[in-house]
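The structure appears below as structure tokens.
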2 protein chains.
Amino acid sequence: MIAKKSDKALNIVKSVKIFATSANLTRKDVDVGLIYTDKDTVSSAVFTKNSVKAACVLYDIELLKENRNIKAVIVNSGNANACNSNGFEAIDAVTTSLSGKLNIDKNQIFVASTGIIGEDLPYEKINASLDKLISQTDNSSDLFAESIMTTDTVKKQYALECSFLGTRFNIGAVVKGAGMIHPNMGTMLSFIVTDIKISQKMLDSALLYAVNHSFNRISVDGDMSTNDTVFIMSTQEAKNDKIVDENELYRFFEDNLTNVCTNLAKMIVKDGEGATKIAEIVVVGAIKEKDAEKIARGVSNSLLVKTALFGQDPNWGRILDAAGYSFEHLDVQKLNMFIGDNLVFSKGKSTNFDKKVLQEYMKNEEIEILIDLGVGACTYNMWFSDISYNYVKINAEYHT
Amino acid sequence: MIAKKSDKALNIVKSVKIFATSANLTRKDVDVGLIYTDKDTVSSAVFTKNSVKAACVLYDIELLKENRNIKAVIVNSGNANACNSNGFEAIDAVTTSLSGKLNIDKNQIFVASTGIIGEDLPYEKINASLDKLISQTDNSSDLFAESIMTTDTVKKQYALECSFLGTRFNIGAVVKGAGMIHPNMGTMLSFIVTDIKISQKMLDSALLYAVNHSFNRISVDGDMSTNDTVFIMSTQEAKNDKIVDENELYRFFEDNLTNVCTNLAKMIVKDGEGATKIAEIVVVGAIKEKDAEKIARGVSNSLLVKTALFGQDPNWGRILDAAGYSFEHLDVQKLNMFIGDNLVFSKGKSTNFDKKVLQEYMKNEEIEILIDLGVGACTYNMWFSDISYNYVKINAEYHT
């Protein structure tokens, strides 16, 4: 049994306290957020694959090698703490001060930043805000979700109350951004809390699976930031037998964690810069998953497909073209393509589909594209947004 | 000694006759073009790597395996002859009719098409226009260049009169399109004529080199069409000792052919849909050329870099970010980046560059970006356009 929640998501694990305030890093009401628990945790994270990494990402990678009992996460917006001259100095100063105030070890604090690249982090401002931050009593996941926003237009949260053979556990998460928003804003930060009892190894495994099936399958503009981070903290308070291998409960947890991440990933696509629509491309019938992935990514990242989507045009030619240059062994003679329920291309030729029906379908806010390669049994899917005038406007008019 | 020509480019080889007329395939004045010579030729071509290929491309690939003495090239705009049901039937009908009228073999005719994908080619219209086409006496490269245009806004031609140790030879070429223009328009067609005396093997080699250093180094929107074709025909009339190996004359020819193709490639970028600027990214100091290429392509295809360029914003953060996700071993601690003459990023940190000077520089129509990886001696370069409101407008407002 599962119950969904789309606000106060991080509050779903009661022993985790949520804080947010202003450190005057931005013009927003809140630009520093804190997640804190006095419980011992098992924590894990997945980071950007960009070889240019922010100082916070480099710091956290080393931190998690040393300690997985993370008790606090401090996040700021307005500055990415990347490619600047005081990155590690800033992290040291903030974690030193915060650990004293929370009475925890420095190495129990995870850090994250999102904002402008290349400028020094004014960490004195963050440190000056810490007393105000930790004395705040709202315990508001909503306010935290706001504190990490950059060009996001809506807060993004999702939570599940799960029950497996009578054992209850919870997963709550917030996310920000996508679209490598604004010039140098970090793309995507997600923070997940759960109370499930699980080993470090199995938590790592579940998080990686969930991220690979959600956040790694979305495309707004195909860019990838220096700061992308997905973090999960488990307080181990649930009454389940501790998960230590791939048993049924593990599968159930992994499914639900993936469900949470997929819902957040789709929220990111919908809130992509200037986006008016979300589309899902599903590629089936491939010999290898990698083949299906190449095609799904090619179609998702094609500017011509994205602009056709914005123009509400059922342009199967652009989709087929993108599939063709993305996968070198594509055989159109075996390929079927559907837009919604409409078969538009079949085995080398366009079909006599009803153009009016399809044009009506293209007006929907959610569009489904299915390509059946007809040669195997592997599949891959991606979610992507369209590209509108506003995407160009937002990204061209911002000035460094 | 080299003299340049930017009109009547194909007329530079006198024995080659140029024709163009209307077959009523489009609303343009001319939509069918013909290149014809009564000389024996050595011919070569390079085709799209898209695994979805137009019927004309599939036909030409087989044709050139059998015969390199091509005497005629017939091209139409308005229909790509791709993914339809009468592709080969259409080619057979047109080449049969044209070979009779020109009194040459069917297998001496090369075919090319550009236009909408998925619709049958109304080849009766082309056949009905052939008498008018071949009786036309303008011999106009300009008109031919017009006949192959789709959403191009200007005709694109370039020619060189070359002299090497007293031996003269000529290279003339036209090109159309880029930007995977309109929904299903074939991207790029180029036709080159020369009179140099050269073996088939060496002509293949020179063309491949020239294409790899020009047309394959441009990015408008990163899409690649089903119809891309670069064709070269040599009448062998020049008085040079026939080129049969990589001697000095070969190098000189290869350089000049590359020069012609580079000039045409840059014209394509400048005429990219909605483009307002052209930028060149040069990556130097790489261990392998492939590394430099990955970065150059990543930066060229980044939507965020392209929109920043349109916004005239010296946004080095977006460039570095794109470099970072394009090449997994990027070391920012060794990297220097210049925009124009301005060092903006050096060895892990942004510099104190003069923002006003750089903002002024970004107003230029041609922008140079140089990334020195500082680890090796290999280089790669790409030319690319910006992405403007008009790109989205052109591509969203077209309806199938």
Of everything in the stretch B:36-50, what is of a type outside the set (S, T, N, Q), surrounded by fewer than 24 Cβ atoms within 10 Å (Cβ to Cβ) and in contact with a helix residue (DSSP H, G or I) (Cβ under 8 Å, 6 or more places away or on another chain)? Give them in sequence order. B:Tyr36, B:Val42, B:Val46, B:Phe47, B:Lys49
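Going by the conditions given, is A:Lys294 touching a residue at least 60 places away in the same chain (Cβ under 8 Å), within 12 Å of another protein chain (Cβ to nearest Cβ), over 19 Å from B:Asn81 (Cα atoms) and assigned to a helix (DSSP H, G or I)?
On the way: touching a residue at least 60 places away in the same chain (Cβ under 8 Å): no; within 12 Å of another protein chain (Cβ to nearest Cβ): yes; over 19 Å from B:Asn81 (Cα atoms): yes; assigned to a helix (DSSP H, G or I): yes.
Judged against the criteria, A:Lys294 is not a match.
Restricting to the stretch A:297-315, and then to whatever is of a type outside the set (D, E, K, R) and in a loop (DSSP other than H, G, I, E, B), can you tell me which residue is nearest to the chain's Cα centre (by Cα)? Reasoning before the result, please.
First, pick out the residues of the stretch A:297-315 that are of a type outside the set (D, E, K, R): A:298-305, A:307-312, A:314-315.
Restricting the remaining residues to those that are in a loop (DSSP other than H, G, I, E, B) gives A:302, A:311-312, A:314-315.
Working: A:Ser302: 21, A:Gly311: 27, A:Gln312: 27, A:Pro314: 29, A:Asn315: 29 Å.
Per the criteria, the residue is A:Ser302.
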Mind checking which residues of the stretch B:323-350 are facing chain A (nearest Cβ under 10 Å), under 18 Å from B:Ala308 (Cβ atoms) and over 29 Å from the mean Cα position of the chain (by Cα)? B:Val344, B:Phe345, B:Ser350
Conditions (1) among the aliphatic types (A, V, I, L, M); (2) farther than 30 Å from B:Lys49 by Cβ; (3) at pLDDT 95 or above: number failed by A:Ile287: (2)
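Out of B:Lys53, B:Lys14, I need the residue that is assigned by TED's automatic domain parsing to the domain that holds B:Asn170, assigned to a loop (DSSP other than H, G, I, E, B) and surrounded by 22 or more Cβ atoms within 10 Å (Cβ to Cβ). Which one?
Details: B:Lys14 fails: surrounded by 22 or more Cβ atoms within 10 Å (Cβ to Cβ).
Within the list B:Lys53, B:Lys14, the selection yields B:Lys53.
Restricting the stretch A:376-400 to residues that are within 13 Å of chain B (Cβ to nearest Cβ) and at pLDDT 85 or above, which is nearest to B:Lys393 (Cα to Cα)?
Applying the first criterion (within 13 Å of chain B (Cβ to nearest Cβ)) to the stretch A:376-400 yields A:384-400.
If we keep only those that are at pLDDT 85 or above too, we end up with A:384-386.
Working: A:Phe384: 19, A:Ser385: 17, A:Asp386: 13 Å.
Looking at the filtered set, the residue picked out is A:Asp386.
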What number goes with the only condition from (1) more than 14 Å from every other protein chain (Cβ to nearest Cβ); (2) surrounded by fewer than 24 Cβ atoms within 10 Å (Cβ to Cβ) that A:Ser85 does not pass? (1)
Kindly check whether there is at least one residue in the stretch A:270-281 that is surrounded by fewer than 24 Cβ atoms within 10 Å (Cβ to Cβ) and free of Cβ contacts under 8 Å to residues at least 60 places away in the same chain. no
Qualifying residues in the stretch A:346-377 (those that are touching a strand residue (DSSP E or B) at 6+ places or on another chain (Cβ under 6 Å) and over 17 Å from A:Ala296 (Cα atoms)) - the one surrounded by the fewest Cβ atoms within 10 Å (Cβ to Cβ): A:Thr351
Exactly one condition in (1) closer than 24 Å to B:Val332 by Cβ; (2) under 17 Å from the mean Cα position of the chain (by Cα); (3) of a type in the set (Ser, Thr, Tyr) is not met by A:Ser51; state its number. (2)
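Restricting attention to the stretch A:84-112, and to residues there that are at pLDDT 95 or above and not in a helix (DSSP H, G or I), which single residue is farthest from A:Asn69 (Cα to Cα)?
So the first thing to find is which residues in the stretch A:84-112 are at pLDDT 95 or above, and the list is A:88-112.
Now drop any that are not not in a helix (DSSP H, G or I), which leaves A:103-105, A:109-112.
Values: A:Asn103: 14, A:Ile104: 11, A:Asp105: 10, A:Ile109: 9, A:Phe110: 10, A:Val111: 14, A:Ala112: 17 Å.
My answer is A:Ala112.
Here is a check on your reading of the model: is A:Gly311 free of Cβ contacts under 8 Å to residues at least 24 places away in the same chain, assigned by TED's automatic domain parsing to the domain that holds A:Lys356 and out of contact with any Pro (no Cβ under 8 Å at 6 or more places or on another chain)? Give the derivation first.
On the way: free of Cβ contacts under 8 Å to residues at least 24 places away in the same chain: yes; assigned by TED's automatic domain parsing to the domain that holds A:Lys356: yes; out of contact with any Pro (no Cβ under 8 Å at 6 or more places or on another chain): yes.
So A:Gly311 fits the description; yes.
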Looking only at residues that are more than 16 Å from A:Met188 (Cα to Cα) and within 14 Å of chain B (Cβ to nearest Cβ) in the stretch A:230-277, which one is modelled with the highest pLDDT? A:Lys277
Residue list for the stretch B:203-229, restricted to those being at pLDDT 95 or above and either surrounded by fewer than 22 Cβ atoms within 10 Å (Cβ to Cβ) or in a strand (DSSP E or B) (or both): B:Asp204, B:Ser205, B:Leu208, B:Tyr209
Taking the stretch B:55-79 and keeping residues within 15 Å of B:Asp228 (Cβ to Cβ), touching a strand residue (DSSP E or B) at 6+ places or on another chain (Cβ under 6 Å) and within 14 Å of chain A (Cβ to nearest Cβ) leaves B:Val57
From the option list A:Gly172, A:Gly177, A:Gly115, single residue qualifying as surrounded by 22 or more Cβ atoms within 10 Å (Cβ to Cβ) and at pLDDT 95 or above is A:Gly172
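Give the residue that is farthest from the other protein chains (Cβ to nearest Cβ), with candidates limited to residues of the stretch A:32-54 that are of a type in the set (A, V, I, L, M) and either free of Cβ contacts under 8 Å to residues at least 40 places away in the same chain or in contact with a strand residue (DSSP E or B) (Cβ under 8 Å, 6 or more places away or on another chain) (or both).
Looking only at the stretch A:32-54, we keep the residues that are of a type in the set (A, V, I, L, M), and these are A:32, A:34-35, A:42, A:45-46, A:52, A:54.
Next cut, either free of Cβ contacts under 8 Å to residues at least 40 places away in the same chain or in contact with a strand residue (DSSP E or B) (Cβ under 8 Å, 6 or more places away or on another chain) (or both) only: A:32, A:34-35, A:42, A:45-46, A:54.
Numbers: A:Val32: 22, A:Leu34: 27, A:Ile35: 27, A:Val42: 29, A:Ala45: 19, A:Val46: 15, A:Ala54: 11 Å.
Looking at the filtered set, the residue picked out is A:Val42.
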Looking at (1) surrounded by fewer than 22 Cβ atoms within 10 Å (Cβ to Cβ); (2) within 14 Å of chain B (Cβ to nearest Cβ), which is the one condition that is false for A:Asp105? (2)
Exactly one condition in (1) part of a loop (DSSP other than H, G, I, E, B); (2) in contact (Cβ under 8 Å) with a residue 12 or more places away in the chain is not met by B:Leu64; state its number. (1)
Can you say whether B:Lys125 is of a type in the set (Lys, Arg) and either under 15 Å from B:Tyr36 (Cβ atoms) or surrounded by 21 or more Cβ atoms within 10 Å (Cβ to Cβ) (or both), as far as the supplied structure shows? no
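Only one of A:Asp291, A:Asp341 is in contact with a Phe, Trp or Tyr (Cβ under 7 Å, 6 or more places away or on another chain), over 21 Å from B:Glu119 (Cβ atoms) and outside the structural domain of A:Ile116 (by TED's automatic domain parsing); which? Give the derivation first.
On the way: A:Asp341 fails: in contact with a Phe, Trp or Tyr (Cβ under 7 Å, 6 or more places away or on another chain).
A:Asp291 is the lone residue from the list that is in contact with a Phe, Trp or Tyr (Cβ under 7 Å, 6 or more places away or on another chain), over 21 Å from B:Glu119 (Cβ atoms) and outside the structural domain of A:Ile116 (by TED's automatic domain parsing).
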The lone exception for A:Arg251 - which of (1) assigned to a helix (DSSP H, G or I); (2) more than 18 Å from A:Tyr158 (Cα to Cα); (3) in contact (Cβ under 8 Å) with a residue 40 or more places away in the chain it fails: (3)
Is it the case that B:Gln312 is at pLDDT below 95, within 10 Å of chain A (Cβ to nearest Cβ) and surrounded by fewer than 22 Cβ atoms within 10 Å (Cβ to Cβ)? yes
Would you confirm whether or not the stretch A:115-129 contains a residue that is more than 24 Å from A:Val57 (Cβ to Cβ) and either among the β-branched types (Val, Ile, Thr) or touching a residue at least 24 places away in the same chain (Cβ under 8 Å) (or both)? yes
Just checking, does the stretch A:334-348 include any residue being in contact with an Asp or Glu (Cβ under 8 Å, 6 or more places away or on another chain) and assigned to a helix (DSSP H, G or I)? no
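The values are calculated or read from the model by the stated rules, or taken from the named source; none is laboratory data. Keep in mind that what you see is a predicted model, and the values were worked out from it rather than measured. Note that each Cβ is placed from the backbone with ideal geometry, even for glycine, and that neighbours are counted across all protein chains shown.
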